[in-house]
Amino acid sequence: MSEPFNTWQARFEKLRSNKLFEGVVISIIVISALVIGAKTYEETSRIEQWLLYLDVAVTVFFLVEILIRMAAERNLVSFFKKGWNVFDFLIVTASLIPMDDSEMVLLARLLRIFRVLRLVSMIPELQMLLGALVKSVPRMGYVVLLMFIIFYIYAALGSFLFHNVDEFLWGNISVAMLTLFRIATFEDWTDVMYATQEVYAWSWIYYLTFIFLTAFIFLNMMIGIVLDVMQKESAQLDFDSGEGEPAQLQALRSDVHSLKAQLDRMEAALAERNTASPPPNSPTDSAKTD
């Protein structure tokens with residue numbers, strides 16, 4: 001019973017690691033995303049039934065694919081130890097919610113949108129990018145905190161100095177922070193500056209110093225943090241795949257493989273010699289002794 005099971009498990013494992021199979025899965029994910037986007041157009045109402053059939057076919061394919069991946073694992077518990085496998089399982093399970101019920105149709109459509117995120121679980125490079133982004137968040141938190149302090153100080157100054165110029169933009173500190181966010185994103189910030197310059201000619205200093213701190217310094221600090229983490233994640237990915245190993249380690253691996261090959265040849269030669277030589281108490285040895 002266990003022998004056929006191991007045979008099928010090996011076949012499923014080989015199918016899961018097949019590049020063609022992975023390409024088909026990625027293509028189906030893209031098709032699923034296109035189907036979801038097509039449903040947002042009114043012109044597709046006449047082919048809505050065909051889109052529904054296609055959505056069902058995609059759902060069935062994802063169900064079969066996740067079952068193949070689960071069957072390829074030697075232990076089902078190890079399958080759920082990987083976060084991306086759990087994510088894929090939840091997405092596929094959520095896609096089984098029927099869309100016929102009017103109360104569940106909106107939830108089902110929203111859950112089907114997240115099937116596009118399965119591209120991340122299928123492509124290691126995207127996993128590396130997402131992992132770098134997540135690992136960058138704690139380090140960026142200190143930069144965000146410092147940015148908030150700068151925003152708060154400039155917002156307080158702006159509300160004190162410019163509230164008589166434009167109450168809508170500088171009426172209180174919360175509105176002033178929104179105005180500063182608009183300035184930091186360069187959304188018509190010159191209009192805000194020109195309005196205050198008509199009353200305070202020196203107000204350009206306020207805007208330029210704020211833009212210099214936020215847009216040039218803090219933004220570049222965040223970019224630097226993300227790039228640093230991405231470089232480390234990329235080096236780790238190359239090391240795991242064996243591409244980023246040091247030259248000494250690669251040479252050591254080569255020496256170990258060559259030494260193992262020599263030991264195998266020596267064992268084979270000894271086994272062949274022992275087989276060819278007669279045993280110690282053979283008749284030939286007795287005759288020579290007499």
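The values are calculated or read from the model by the stated rules, or taken from the named source; none is laboratory data. Here the structure is a predicted model, which means the values were calculated and not measured. Here Cβ is always computed from backbone atoms with ideal geometry, including for glycine, and neighbour counts include all displayed protein chains. SASA here: full protein model, heavy atoms, side chains in, ligands and nucleic acids out. Shrake-Rupley method; radii C 1.70, N 1.55, O 1.52, S 1.80 Å.
Data table
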| read-out | value |
| --- | --- |
| Point-to-point label distance, Gln9-Ala94, nm (Cα→Cβ direction, 7 Å offset) | 3.1 |
| Sum of side-chain charges, Tyr207 neighbourhood, beta-carbon under 12 Å (Lys, Arg +1; Asp, Glu -1) | 0 |
| Net lengthening on full extension, Ala235/Glu272 (0.36 nm per residue, minus Cα-Cα) | 8.6 nm |
| Ranking by accessible area, most exposed first, for Phe218, Phe80 with a 1.4 Å probe | Phe80, Phe218 |
| Tyr41 paired with Ile211, simple spin-label distance in nm, labels 7 Å along Cα-to-beta-carbon | 4.1 |
| Where labels lie 7 Å past Cα in the beta-carbon direction, separation of Ser17 and Leu34 in nm | 3.2 |
| With all protein chains modelled, accessible area of Lys260 [1.4 Å, Å²] | 120 |
| With all protein chains modelled, accessible area of Leu129 [1.4 Å, Å²] | 80 |
| Accessible surface of Tyr41 - all protein chains present, 1.4 Å probe, nearest 10 Å² | 140 |
| Accessible heavy-atom area order of Ser17, Ser234, highest first, probe of 1.4 Å | Ser17, Ser234 |
| Sequence of Asp188, Asp55 when ordered by accessible area, the most exposed leading, probe 1.4 angstrom | Asp188, Asp55 |
